[in-house]
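To start, the structure under review is shown below, and the notes come after it.
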Protein chains: 2
Amino acid sequence: MLQLLRRMNNFYLQGSCRANCYRFEIDGTQVGWISPHVASLLTRYPDVFSPPHGGAVSLCHGLDSYRKRSEAVDAVLQTLRQESSLFCLKGWRDEKYSVMPKFSDPPLMWMERAATSLFGVKRYGVHVNGYTVSDTGEVSMWLARRSPTKQTYPGLLDNVAAGGLSAGVGIKHTLVKECQEEACIPAATAEKACPVTTVSYTYEDEEGVFPESQFIFDLELPPKFKPRVGDGEVQHFYLLPIDKVKELLATDDFKPNSAMVVLDFLIRHSYIEPDTEPCYQEFVAGLHQTL
Amino acid sequence: MLQLLRRMNNFYLQGSCRANCYRFEIDGTQVGWISPHVASLLTRYPDVFSPPHGGAVSLCHGLDSYRKRSEAVDAVLQTLRQESSLFCLKGWRDEKYSVMPKFSDPPLMWMERAATSLFGVKRYGVHVNGYTVSDTGEVSMWLARRSPTKQTYPGLLDNVAAGGLSAGVGIKHTLVKECQEEACIPAATAEKACPVTTVSYTYEDEEGVFPESQFIFDLELPPKFKPRVGDGEVQHFYLLPIDKVKELLATDDFKPNSAMVVLDFLIRHSYIEPDTEPCYQEFVAGLHQTL
């Protein structure tokens, strides 16, 4: 697990691109990280992006409203997408994500989801731990196997439901929608999900920088209830005893951030104990890394 | 709460002493932070501490064992204590804390608890959330009012039991001992406490640098059970409904790190929700800051 946590937080490690990245700023406030490669592409659009200065790439001052910023950046991204010079833009989703310094701040613009990693803009989502408690108190966890045709992490194990937070959409609302669409969990059941924490991390890969925070919910499902494949994002659901879940967590069969969510569940529900797991504190730290 | 979390993590803020601190190293591995003032005092003991070099103060190479390091440093500290030039050493407790780079590493030496802040050595402890659930499912929390004669934070509100982790003593063992000593909770009851997470932070004040991680346990107590004042560290115990606990959390009547532990409890038990608390993610981040 430590290895996974390190990989999911590799942006914080020495030798990451962080030292070479520019801050992405709007009105003097940082909202992301831009690699030198992306920064040099953006110099072609001087009406939208000021050239790198003092370690930062900024939106031009004239772009002084949510709409102006969003539309100007979107036009640049549409051009870059056509040129197909950036691989991640092939995954264009027509999903608008909010861009803001902190979650509690008002959004300064929206940005296409597929482009957020180019700007190292923080993404938020929800993940749901679906579980059952038997008459004898034994806990089992529902896990999903992602569809083999999913754009990202095809065929890997995942939480029972999860999804990204689009601009202007509530957290619980997103959870209920994803539960219905992905796992056919009725809204009345999904509404009972309990918010319990966040899981945060920042990784970099060839597609950019990914600072992410997931809002985590625990959802106890009735023992007789079975999630069903909904919108085709999942190929199968499994109900597994905790020992089996622990075993799987040690393999690389999990979508990485979903493995982190399961690890957090195991810690919060006392299936991992600090006297017997020497890395307990490092586990918790790795689940909550923020810039 | 954000203000409290910032204060308890002020070592990470710009303008903290961090930029001027030396790393405290043993055999090339960092185990703490030393302020310039303390570093200059230590130059008087060249047989124990190598002079500052490359941003670090190190133990001399000849001190090549747990015992040699511990005894040599202790001798220096005893001298400094006699000179009474360092205020924090007036709080000498004859309590040995382990010094190690990470909790999962073998300890490299022990150090008197009262001196750890001079060396910015990480301290570990346990905190217990004692609570009851009524027949109708209502949760109330037991809080302690610290004795007015306590050396630290006299008269403030605290968790039902808490204590530092001494060298070589187990985590659950410490919890059971503190529950018995401070709150007269029988061992058989305290044993049922569930480990749920850690709470980590680093603050600086005039006595030094305090990187700390607390192992957190939830302990559901029978509705009829009442904690009683034990060793005199507490003057009174209160059983309070969650709404009242929330109210108190907004005052400065709490020992700061205990307030963080209560905030974590409220988040994990869904008494704070991300759709209605804009700072939810910042709260969670502030409860888990690590270097």
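Results, tabulated for the structure shown:
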{"item": "Other-copy label distances relative to B:Asp27, 7 angstrom Cα-Cβ extension, nm", "result": "5.4"}
{"item": "Residues with amide H under 5 Å from that of A:Lys150, placed H, sequence gap 5 or more", "result": "A:Gly155"}
{"item": "Using θ = phi - 60° and Karplus 6.51 cos²θ - 1.76 cosθ + 1.60, couplings along region A:265-278 (whole Hz; Gly, Pro as x)", "result": "4, 4, 6, 5, 9, 6, 7, 10, 10, x, 6, 10, 10, x"}
{"item": "For region B:49-164, the fraction of alpha-carbon pairs in successive 5 Å shells from zero, as %", "result": "2, 9, 14, 17, 17, 12, 9, 7, 6, 3, 2, 1, 0"}
{"item": "In Hz, Karplus ³J(HN,Hα) per residue of region A:141-156 (6.51, -1.76, 1.60; θ = phi - 60°; x = Gly, Pro)", "result": "10, 7, 10, 9, 9, 4, 4, x, 9, 4, 5, 10, 6, x, x, 8"}
{"item": "Chain A - Rg and Dmax from Cα coordinates, angstrom", "result": "20.0, 66"}
{"item": "Dipole magnitude (debye, nearest 20) for the protein assembly as shown, charges at Cβ of Lys, Arg, Asp, Glu", "result": "340 debye"}
{"item": "Per-residue average of Cβ from other chains inside 10 Å of B:8-17", "result": "0"}
{"item": "Sum of -39500 (n - 2.57) over DSSP H runs of 4+, divided by residues of chain A (222 nm, nearest 500)", "result": "-7500 deg cm²/dmol"}
{"item": "Exam field: A:Lys246 pseudo-label spacings to other copies (7 Å along Cα-Cβ), nanometres", "result": "3.6"}
{"item": "Quotient of C-alpha Rg and 2.2 N^0.38 Å, computed over the protein assembly as shown", "result": "1.03"}
{"item": "Greater than 27 Å apart at Cα, pairs in B:Lys150/B:Lys246; B:Lys90/B:Lys122; B:Lys177/B:Lys255; A:Lys172/B:Lys226", "result": "A:Lys172/B:Lys226"}
{"item": "C-alpha center-to-center spacing [region B:2-81, region B:177-233] in angstrom", "result": "29 Å"}
{"item": "For region B:78-118, alpha-carbon Rg relative to the globular expectation (2.2 N^0.38 Å, N residues)", "result": "1.28"}
{"item": "Backbone HN-Hα couplings from phi across region B:38-53 [Karplus 6.51/-1.76/1.60, Hz, Gly and Pro as x]", "result": "5, 4, 6, 4, 6, 5, 6, 10, x, 6, 10, 10, 5, x, x, 8"}
{"item": "Pair B:Gln151, B:Thr29: separation of 7 Å Cα→Cβ label points (nm)", "result": "2.8 nm"}
{"item": "Closest Cβ on chain B to the rotation axis that carries it onto A (distance rounded to whole Å)", "result": "B:His288, 2"}
{"item": "Cα gyration tensor category, rounded, prolate or oblate, for region A:123-286 with a/c compared to 1.5", "result": "rounded"}
{"item": "Surrounding net charge for A:Phe254, when Lys and Arg each add one and Asp and Glu each subtract one, Cβ distance under 11 Å", "result": "0"}
{"item": "Candidate lysines for bridging to A:Lys68, where Cα separation is under 20 Å - those fewer than 8 sequence places away on the same chain excluded", "result": "A:Lys96"}
{"item": "Label distances, nm, A:Asp47 versus same residue in remaining copies, Cβ-directed 7 Å point", "result": "7.7"}
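We did not get these values from a lab; they are worked out from the coordinates using the rules stated. Keep in mind that this is a model prediction, so the values were computed, not measured. Please note: Cβ atoms are built from the backbone with ideal geometry, for glycine as well, and neighbour counts cover all protein chains shown.
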